[in-house]
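Where a number appears in this text, it was derived from the coordinates with a stated rule and is not lab data. If you're wondering where the values come from, they're calculated on a predicted model, not measured in any experiment. Note that each Cβ is placed from the backbone with ideal geometry, even for glycine, and that neighbours are counted across all protein chains shown.
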């Protein structure tokens, strides 16, 4: 029969000196021992009383030591063995900080408890017995044994924990929460403003102060009420096991609680006016020139057209959203936070549907419900407007009857690093550029501050350069340069003015001029395939 947990705990605590029996029980025990000693018969009448007393004494001591040994052995068996935990790098590489010294830890090498670890690659993993902890880029943590397993102290970054029972309990502690998993998979994000915790499989316990909450697969919480909820598919995309994690979430979707639906109050959808073609880099009204017979240029123009064309407009104000000349592909890009429509098409992250989803364009005006978060156009374009994106998703589902299949896809990506320090030049004027009205037009020979054309510009942030380079490189780029400020990016000179410059040449020369380099890597991203869509009725 299984010993009740309470009795086992009292037994262990009593013999470890951590539990004190009542004084009355101790007095009764002492009396019983004395009574037994007095009533024990002496079988050898010739025995010396002193020798007999010595025999009793040694027998008593033997009994005490034997009992103590048995108790210690029982305690050893009952104690958790989390202190025997070992950790080693499973993939990627890490840096560990030992005092003032920092060194690289490679795959297979052990990582000691209590040592601060930092990710070097965009991701890495540590194993504890049969458990795994994945770390995203720019993450920082240390681990230490716990009485019943392993504790991870996450200072910053993102971890995905696959906690197997063989490791015992696996805790992740941030500055404002403690997360416990055993036989579960969960995500923890540590930021300056607070923490995000999401359960991917199984049950996870989250303790914040004196309160505790249990999460089931698909559920998440934020420790700071001002923090937006995560889009889990995006939050998991960096992982080498993103596809498996997403599959676990999809399995749990029918039983997990669905978020409240968010929608616009009033929506107007009308067909856009015919697209007016203007000269690239010219002013409205300039005579159009026939495109050169260059496959690269034709493909780029096709992707631009599929996203609504160059004049595609977006305006976000408190209480109102206006989108002009947008195709369904462009709307999907906004709704699901894919950031760059042309790049999403180029890398196959958006696909499917009839031909009209890439050619028919729509003007949309919608009123945003009161008390909704306020976002900017830049936030919506960069996928950082969660509630507004959900409203566009609802619009697509209601008015376009859109249904998409979501899955993870492994695509070519790049890390942007410094190749030759000092070649990229800071702009003399570091003041933020004034907002620019795109309807005014511009010429390539006189670009306004903060505006880029073919990756050329003055007083531009490196994030804008990365966005431009991505299209030429044909894959997402992660900035690992740590460069801050506004920069002047010079124009690339075409060695043969009689023929268009290839994207590959422009890319290589742009990077060479500013002393940067692209390092190929593989990245996981969420891909969307249209399974059903209908043209909306006009109103």
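Figures for the structure shown
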| item | result |
| --- | --- |
| Fewest-first ranking of 356, 238, 143, using other Cβ atoms within 10 Å as the exposure measure | 356, 238, 143 |
| Cα gyration tensor shape of region 127-179, rounded if a/c is under 1.5, else prolate or oblate by comparing a/b with b/c | oblate |
| Translational D in µm²/s for region 414-524 (Stokes-Einstein at 10 °C, 1.306 mPa s, Kirkwood Rh from C-alpha pairs) | 107 |
| Intensity falloff of region 335-432 expressed as log10 I(q)/I(0), Debye formula with alpha-carbon point scatterers, at q = 0.10, 0.22 Å⁻¹ | -0.46, -1.37 |
| Rounded FRET efficiency, nearest 0.05, which uses the C-beta distance separating residue 104 from residue 517 and R0 of 25 Å | 0.75 |
| Potential lengthening between residue 360 and residue 210 on full extension [0.36 nm per residue; Cα-Cα distance subtracted] | 48.5 nm |
| Kirkwood estimate for region 133-235, i.e. one over the average of 1/r between Cα atoms, Å | 13.4 |
| Distance between modelled label sites at residue 97 and residue 227, nm, 7 Å Cα→Cβ extension | 2.1 |
| Burial ordering of 223, 521, 119, fewest other beta-carbon atoms within 10 Å first | 521, 223, 119 |
| Cβ-based exposure ranking for 493, 269, in which fewest neighbours within 10 Å come first | 493, 269 |
| Added length on full extension, which subtracts the Cα-Cα distance from 0.36 nm per residue, residue 378 to residue 191 | 65.2 nm |
